[in-house]
1. With charges only on Cβ, +1 for K and R and -1 for D and E, what is the dipole size of segment 572-717 about its Cα centre, in debye, rounded to 20?
2. With unit charges on the beta carbon (Lys/Arg positive, Asp/Glu negative), name the residue among HIS535, LEU524, TYR620 whose Cα is farthest towards the positive pole of the charge dipole of segment 493-630.
3. Report the full-extension gain for the segment LEU170 to LYS828: residue separation times 0.36 nm, less the Cα-Cα distance, to one decimal in nm.
4. Out of all Cα-Cα pairs in segment 433-585, roughly what percent, to the nearest whole number, are more than 27 Å apart?
5. Please work out the FRET efficiency for the pair VAL702 and LYS793, using the Cβ-Cβ distance as r and a Förster radius of 56 Å; give the result to the nearest 0.05.
6. When you count, for each residue, the other Cβ atoms within 10 Å and take the mean per peptide, how do 458-467, 493-502 rank with the highest first?
7. Taking all protein chains as present, what is the carbon and sulfur share of the accessible area of the chain, in % to the nearest whole number, probe 1.4 Å?
8. With axes computed from alpha carbons, what is the tilt in degrees of helix 30-41 against the longest principal axis of the chain, rounded to the nearest 10 within 0 to 90?
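The values are calculated or read from the model by the stated rules, or taken from the named source; none is laboratory data. Remember, it's a predicted structure, so these values are computed and weren't measured experimentally. Virtual Cβ from ideal backbone geometry, glycine too; neighbours counted across all protein chains shown. The area values use the complete protein model at the heavy-atom level, side chains included, leaving out ligands, DNA and RNA. Shrake-Rupley method; radii C 1.70, N 1.55, O 1.52, S 1.80 Å.
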Amino acid sequence: MPQQQTDSIRMEAQGKFAQNGMVAGPGDSQTNINKRSLYEHNGVAVCSQKRALIIATVVFATLFIISLIIAYAGPGNDCPCAGEKPDHLESETELNSSAPSVPLATNGEVFPWNKVRLPGAIRPSRYNITIHPNLTTLGVKGEVTIEVRVLKDTNFVVFHSKNLTIIDKLVYAAGGRNLTVVKMLEYPPTQQIYMEMKEKFRRGGNYVLKLLFTSRLSQELEGFYLSSYINKNGEKKYLATTHFEPTYARQAFPCFDEPQFKAKFRMSLYRDKFQIALFNMPLILTEHKGYFSGGELICDHFQESVEMSTYLVAFVICDYDHITNMTRHNKSVSVYAPREMISQADFALHTAVDIMDYYEEFFMVPYPLPKQDLIAIPDFAAGAMENWGLITYRETSILYDYKETSAAAHQWVAIVVAHELAHQWFGNLVTMKWWNDLWLNEGFASFLEYLGVDHVMPGWKMMDQFILDKTQPALTLDALASSHPISVDVHDPVEIEAIFDTISYSKGASVIHMLEIFLHQDILRSGLYDYLNSHKYGNADTDDLWSVLSKNANQSIEVKTIMDTWTRQMGFPLVTVSRTGNIISATQHRFLVTAHMNNDTIHPEESPFGYKWFVPLSYYTDVDPSSIHHVWMNMTDVKFEVPPEVQWVKVNVNQSGFYRVMYDDSMWQAIITALHQNHSSFSPADRASLIDDAFTLCRAGVLDATIPLNLSIYLQKERDYVPWATALEHFQSWSKRLAETRAYKSFLEYMRYLLTPVARYIGWKDTGSHLDKLMRSDILASAILCDVKDVVKEAQIMFNDWMVNGTRIPPNLREVIYVAGIKYGGVKEWQHCWSKYNSTGIPSERKLLLKALGVASDTWILQRFLLSTLDRNLVKPQDVKVVLAVVAANPEGRFLAWRHLKAQWHQMQAMFGNATFSMGGLISAVTSHFSTQYDLHEVSSFFEHMNVGSGSRSLQQSLETIRLNIYWVQNNEETIYTWLSNFLDR
Ligand code: BES
Ligand code: ZN
């Protein structure tokens, strides 16, 4: 069955405010004492937690009385002061159950700022940062001076800091006059520092905050962290790198870590003589700083950046090699990678240059920085990160070896490169005001990446693939009652992490695609030009986008009115089409895949639009398939007329609208007949859309299982990638759900019946178009999993030949052959792949092998494999999810994976950071295919009292999916069994 790109979006990452601020822990170790005296010396009172509690009680009692006085007297400035019932207290307490109801700083004093968001009275304008990491001791020394502007008189400033030890501070006016800091408090639950002045910062004034701090290089994949790789001599080489989005810049230096606080950044980085340092901007000066613990110390100074958000700052210290090319407008583009991997960087470099040229032309806005670096990072939580001018990538998202890498992995590199480059405009130049509009970043980049790749690789038919990769997965998730609107309120880091999900990315991209079609590309393009120009170096929200688009459509289309129904309410419509004579009626209702289950979590009144949409309905008929008609459903139903001789109508042309279509019985029959007679009456995207709708409507209980089954018979003749990939996705879920039913064996037989002809057609030669290659690998892999005998036999021969004689396997056949060798082999075959996994220098190959290792049939092997994920030297933390997902997808491994997740939950949580350990992703990968009451009970009782952080929505989605699976099996098993028996006995 088709393998998903598991490097893609971290569905939901764990997020939990760590409480380990600057407090010395229990027990007075020497270090703690030293730390304390440092703090006290500098006016930051720090003490043990026990003592803090005692002090807190005394202080609190006193403060409570004072606060009453203050509350009645009214605050002297805009600080929501201690003792008042703070505005945000309820929501804060709810967000962080560990946060006390009155916020107490690390020293036990009341923390006077009680909001997660920073005050707006002071804005940073420039940061001067110097950082000196030690890659051996992991100690980091840093200094930051933040130039700020004051918008409103105030006697305090609040900024972010997490896991930093502030050892000195100085505040002065732009002219040099020092200001006295009377109080400095830290509050770890909101990761904030509060500094109070003796005298006020005056409105219109410019001041400087100078902070000296120390920290440690993180071992997790966030903030400023340590990574490593093994070079060709077997030596371990270290690098220090950053990942700041969404809220991790505060772990590297104290800052105003919210996207609307844009400022210019200057950076100086200390490094060893044998290393290089990279920053968002080019190097301007290198200073020799003498000798330090046996090595020569260098300090690199970088050019000042443009105005940008903190989450886009990046720096790396490493010993990499690089290759460079110039864009048409003379901007230098480089790819950095370990010396032994630089030969795999060519494709990313050429693609990046071509796509930069294309975006500059398409947006008509020049790329504003002098350079663009793309760098491969060996340990990386996400797929890639769009830091302005210094984009960081997971190795498999950037390295491509034309002799070794598959077409799917090749395409992935192009997509990730195009995605992050799109952010250089959408996200970096114009940034969302706040994270509730994250979709403006991620939805746009997810849409533009397809335009970008389509431009450089026209033969890859990216716009056909768009529906497969974006629209269909988004429609699946958004049909759950536990989905959420694209625009969603978020407050703290946990909630912010949670929206880096399929809705922001793929539903976001799909609704832009729909908008592009009804607005026309030229209007979209001129609107985007306007949007970029009017908000460059600034911030925007969703309404800003709608207003430029309406303006560019000469106000002929009310873009906001239409699009609000797609972005401000969750879900999407099911358009039901029926025919009476020559009149076709189309009605709309919210589509919920679990609606028939009497789900009490559905509250239709909760939508501001009553779950009605502005639907751009498109259709064609068999009478004139080349004329496409458009009808608007303005939160209403519609009727339209067709010629009397029409047999069928295909609605939602090429699945370009974000809705599903249900036909009446006779129309389904007419469509199925047409597919059987001549499936090319419909485009490949339309065939995919019919398959996707029929299977999903059956899943939702509104369509009898015999309809998708009757429809699917035509697949015997299907030879195109997109419809096949859509069908295999659905069959894969059927296979998991039916695994314990009596229909399962007949189901596998039916799969063999459908797959055999296409497997013969596609054959074993790694040739043909890009889409042929993608299809070959999906079809043959599915044939292996369904045990199509000829395919298994052939693959086993090739596996043996490779294992015994070292015969090379063409890249697009590797997945199939590894899967066959491991699934139908034993310990010897598994061990061979495991040792290849450990020795290959090709990241795409490593990934393929890791996934194949999980299809073993021997449970002892699978259990050993699961245990290997607990040792970061065997499986990198970034890859743990891949292992659990692939074992969970294996019928022999599903219960082992679940048992492992339960048994090791706490250890995994402790081992990996917020960014790496995507709880939500893990929960859904391991549990959402369960389909029995027993398993539902298991999952819900295990998680009942668990804080799953940002994974909580994913957990709800998984539980809803399991309930649906149970219901579906109960209601469809018999029909499917009967249909299959009749069909196979013909
Ligand atoms: N901005 C994200 C990286 C990111 C993801 C930061 C999650 C914080 C949390 C980046 O642009 C991105 O979306 N990367 C994708 C790859 C892309 C091709 C879909 C990813 O990491 O999966
Ligand atoms: Zn992105």
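1. Dipole magnitude for segment 572-717 comes out near 220 debye.
2. The Cα lying farthest towards the positive end belongs to TYR620.
3. Going from the current span to full extension adds 230.4 nm.
4. 28 percent
5. Step by step, r from the Cβ atoms, then E = 0.85.
6. 493-502, 458-467
7. It is 52 percent, rounded to a whole number.
8. Rounded to the nearest ten degrees, it is 60.
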